[in-house]
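What follows is a single structure, written as structure tokens, with notes after it.
The values are calculated or read from the model by the stated rules, or taken from the named source; none is laboratory data. Quantities reported herein were computed from a predicted structural model and do not represent experimental measurements. Counting neighbours? That spans all protein chains shown, and the Cβs are built from the backbone with ideal geometry, glycine included. We work out accessible area using only protein heavy atoms, side chains counted, and drop any ligands, DNA or RNA first. Shrake-Rupley method; radii C 1.70, N 1.55, O 1.52, S 1.80 Å.
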2 protein chains.
Amino acid sequence: MNTAVSSTEKVTQVILPAELLAHWQGHRTLTRKVIEAFPEKDFFEYSIGGMRPFSKMVDELLSIAGPGIQEIVTGKQAAFTEEVAHGNSKSKVLELWDEATEEINTNWTKIGVENFHEIIKLFGQYEGTVQSSILYFIDNEIHHRGQGYVYLRSLGIEPPMFWDRNEL
Amino acid sequence: MNTAVSSTEKVTQVILPAELLAHWQGHRTLTRKVIEAFPEKDFFEYSIGGMRPFSKMVDELLSIAGPGIQEIVTGKQAAFTEEVAHGNSKSKVLELWDEATEEINTNWTKIGVENFHEIIKLFGQYEGTVQSSILYFIDNEIHHRGQGYVYLRSLGIEPPMFWDRNEL
């Protein structure tokens, strides 16, 4: 957490930009652990009830996080495509995940507290404020990761603890 | 969304208290729809991979939301118990869900923007700020609801749309 923040700022804000970033990245760290927990084959193939394999959900998350934050910062409409070039390699997926982590951190510094209520239309489709869009990114990730937990349990694999958001 | 909020407030806040409440309640509205989507028997019995039935996850959510917000507002330590008295009736669960909705709304008015960074130790165990605790409540609900989606799909039932947070 950002300890450089003054206590005055803290008492006049529900959540500070630096805290929201840490919250998001904490969730992304946990999702990374869930990706790692999947056996390579199951990550790309295993599914329940006709749903997508977890890799496809992760493709969606990768298609949203980096491009989304980029669009928020630049105002330049990003194309929404869930085609992620990883050639069905989990290590490549993790590499792309880490690149997105950096992309988020770098772009975050360009979002001021005054920007969070600006109205944007992400990917030319999803209208909302910057804050509601970012919360949507996070919520959508938690939602699909929760589904990944069921896949893992059903494969007999113990998922990482839900509250464990720290880097390994 | 709270339209009574001035635009000045909006530009100096990442998210306003009224917006965070609407965000939480929107998620709770969706979770209510997921509960409704379950056949009575499956709600209490169906499970995958040795996990809890969805009703038990909902018991957890009910044990956290109302008692948690109560403790945040009163400072009086709530007991954490997942024993929810619904006698395995889904309509009773929904009734308790709606009571918690009111409890959250009523208590929310007593939380000022200056309270969100106070440190609390919920249920005598979980230390954090008021905001991190509330975000945890929301995240935990999204996580388990995502698992409920897999149960529904696996039962051949189409779950409500993830983005549909409006009351019926």
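If the condition is being more than 7 Å from every other protein chain (Cβ to nearest Cβ) and in contact with a helix residue (DSSP H, G or I) (Cβ under 7 Å, 6 or more places away or on another chain), then segment B:155-164 contributes B:LEU155, B:ILE157, B:PRO159, B:PRO160, B:ASP164. Selection of segment A:75-112 for residues being outside any helix (DSSP H, G or I), surrounded by 12 or more Cβ atoms within 10 Å (Cβ to Cβ) and either within 14 Å of chain B (Cβ to nearest Cβ) or within 18 Å of the chain's Cα centre (by Cα) (or both) yields A:ALA78, A:PHE80, A:GLU82, A:VAL84, A:HIS86, A:ILE111.
If the requirement is being modelled with pLDDT of 95 or more, of a type in the set (A, V, I, L, M) and in contact with a Leu (Cβ under 8 Å, 6 or more places away or on another chain), which of these qualifies: B:VAL5, B:VAL84, B:VAL34, B:VAL58?
B:VAL34
In segment B:51-61, the qualifying residues are those that are out of contact with any Asp or Glu (no Cβ under 6 Å at 6 or more places or on another chain) and in a helix (DSSP H, G or I), and the one that is nearest to B:TRP97 (Cα to Cα) is B:VAL58.
The condition (being surrounded by 16 or more Cβ atoms within 10 Å (Cβ to Cβ), over 30 Å from B:GLY50 (Cβ atoms), in contact (Cβ under 8 Å) with a residue 40 or more places away in the chain and among the charged types (D, E, K, R)) is satisfied by just one residue among A:GLU141, A:GLU71: A:GLU71. One residue stands out among those in segment A:144-167 that are at pLDDT below 95 and closer than 20 Å to B:VAL150 by Cα: the one that is surrounded by the most Cβ atoms within 10 Å (Cβ to Cβ), which is A:PRO160. Sort out which residues of segment B:36-55 are within 14 Å of another protein chain (Cβ to nearest Cβ) and closer than 15 Å to B:ASN140 by Cα, and write them in order of number. B:ARG52, B:PHE54, listed by residue number.
To keep it simple, each residue is scored yes or no on (1) within 18 Å of the chain's Cα centre (by Cα); (2) more than 7 Å from chain A (Cβ to nearest Cβ); (3) in contact (Cβ under 8 Å) with a residue 40 or more places away in the chain.
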residue	(1), (2), (3)
B:GLU114	no, no, no
B:HIS117	no, no, no
B:ILE120	no, yes, yes
B:GLN125	no, yes, yes
B:SER133	yes, yes, yes
B:ARG153	no, no, no
B:ASN166	yes, yes, yes
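Taking (1) in contact with a Lys or Arg (Cβ under 8 Å, 6 or more places away or on another chain); (2) of a type in the set (D, E, K, R); (3) in a loop (DSSP other than H, G, I, E, B) in turn, A:GLU158 satisfies each apart from (1).
Tell me which residues, restricted to segment A:115-144, are part of a helix (DSSP H, G or I) and touching a Ser or Thr at 6+ places or on another chain (Cβ under 7 Å).
A:GLU141, the sole residue that qualifies.
Taken as a whole, the structure places B:ILE48 among residues that are aliphatic (A, V, I, L, M), in a loop (DSSP other than H, G, I, E, B) and either out of contact with any Pro (no Cβ under 8 Å at 6 or more places or on another chain) or free of Cβ contacts under 8 Å to residues at least 12 places away in the same chain (or both). Based on what the data block shows, is B:THR129 open to solvent by 40 Å² or more (accessible area, probe 1.4 Å), more than 8 Å from chain A (Cβ to nearest Cβ) and β-branched (Val, Ile, Thr)? No, not satisfied. Has segment B:136-150 got at least one residue that is within 29 Å of A:ARG165 (Cα to Cα), more than 9 Å from chain A (Cβ to nearest Cβ) and touching a strand residue (DSSP E or B) at 6+ places or on another chain (Cβ under 9 Å)? Scanning segment B:136-150 turns up no residue that is within 29 Å of A:ARG165 (Cα to Cα), more than 9 Å from chain A (Cβ to nearest Cβ) and touching a strand residue (DSSP E or B) at 6+ places or on another chain (Cβ under 9 Å).
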